[in-house]
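Reviewing the structure listed below.
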Amino acid sequence: MAKRKKVEAKSNAKALSLHAGLNGVSAAAYGGWDGPLAACEFDANDMAAIAKSQGMKSTILLTKKATRANVLSGMRDAAKELKAGDFFLLTYSGHGGQVPDVSGDEPDKQDETWCLYDGQLIDDELYFELSRFAAGVRILVLSDSCHSGTVTRAGPPPFATTHQRPKLMPPAVAMRTYREHQAFYDKLQLDLVKAAGKAAVDPDAALAQVAASGRLQAIVKKFNPAVVLISGCQDNQTSMDGDHNGAFTESLLKVWSQGTFQGNYGTFHARIKAGLPASQSPNLFTLGVAGTFLAQRPFTV
């Protein structure tokens, strides 16, 4: 009887997931670079398997299907459909990149990106799309890629082998890509500032919940959903690709252990981090009123 009640309670909440995994990108969109990786499609499929086991309706976008339009459409459709108490899981496995910041929100003058097949998704865009979800929606973002405002991640760490490739768009490629598509990326950033009606706020700083900043506290108060973001590495590190899973995703799957894991998001993050070398330490960020969400078991609908 107790089990039946638990199932019925879980079924009251709607749950959707979106999984993007790119083993390469279009050379036409990245200055001739096609960014070959090996395990990102495996990562997306494995994360979708977890989502489905938890009762989520999943959308999987692999390599050529993981376009800017498809990823943005998937997020916007979910934002329209989900209401307070519902759950959205967004996972990304692929290269991280950078474009010069033209909206004035990044202290290091660089906006971090996800390298989608036909163009980059800027962190400002991701932050803005998440803000469009209704109050009370729980959002979990898992990013197995490089996101950094420093140049120290430019080279692979010492433990990299032929089976471990850095998920990083090379800086020279990033500069070339931006130069060839500058008008597009500049307009994206400026349009977001107009949509927000004010100067943009660095999403990385906002996600880190810098409590000392009154400006960021004001932004957080206006952010309706509760977001937990677990990233593949620290800002000055590189996430590694593998043959069967990325290093971050592989550690996550081991900790999850086919659903036998018991604990909250903090414990989940700590155990994933413990399974990785010091050169790749996953980070945990929250945004919005996420205290209750953090205390839940991961992937709980």
Filter pass, A208 being of a type in the set (G, A, S) and at pLDDT below 70: yes
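So for region 265-276 (the condition being among the β-branched types (V, I, T), at pLDDT below 90 and either crowded, with 21+ Cβ neighbours inside 10 Å or part of a loop (DSSP other than H, G, I, E, B) (or both)), does at least one residue qualify?
Among the residues of region 265-276, not one is among the β-branched types (V, I, T), at pLDDT below 90 and either crowded, with 21+ Cβ neighbours inside 10 Å or part of a loop (DSSP other than H, G, I, E, B) (or both), which makes the answer no.
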Pick from region 277-288, criterion more than 15 Å from L229 (Cβ to Cβ) and touching a residue at least 12 places away in the same chain (Cβ under 8 Å), ranking: surrounded by the fewest Cβ atoms within 10 Å (Cβ to Cβ): P277
Condition check for A51: surrounded by 20 or more Cβ atoms within 10 Å (Cβ to Cβ), of a type in the set (A, V, I, L, M, F, W, C), more than 16 Å from T113 (Cβ to Cβ) and more than 16 Å from the chain's Cα centre (by Cα): no
Some residue of region 48-62 being out of contact with any Cys (no Cβ under 9 Å at 6 or more places or on another chain), within 18 Å of L126 (Cβ to Cβ) and not in a helix (DSSP H, G or I): yes
Every pair of residues 6+ apart whose Cβ atoms lie under 7 Å, when the first sits in region 250-262 and is free of Cβ contacts under 8 Å to residues at least 60 places away in the same chain and under 20 Å from Y92 (Cα atoms) while the second is surrounded by fewer than 19 Cβ atoms within 10 Å (Cβ to Cβ) and of a type in the set (K, R): V255/R271
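The values are calculated or read from the model by the stated rules, or taken from the named source; none is laboratory data. This structure is a prediction, so every number in the text was calculated from the model and none was measured. As a convention, Cβ positions derive from the backbone with ideal geometry for all residues, glycine included, and neighbour counts pool all protein chains shown.
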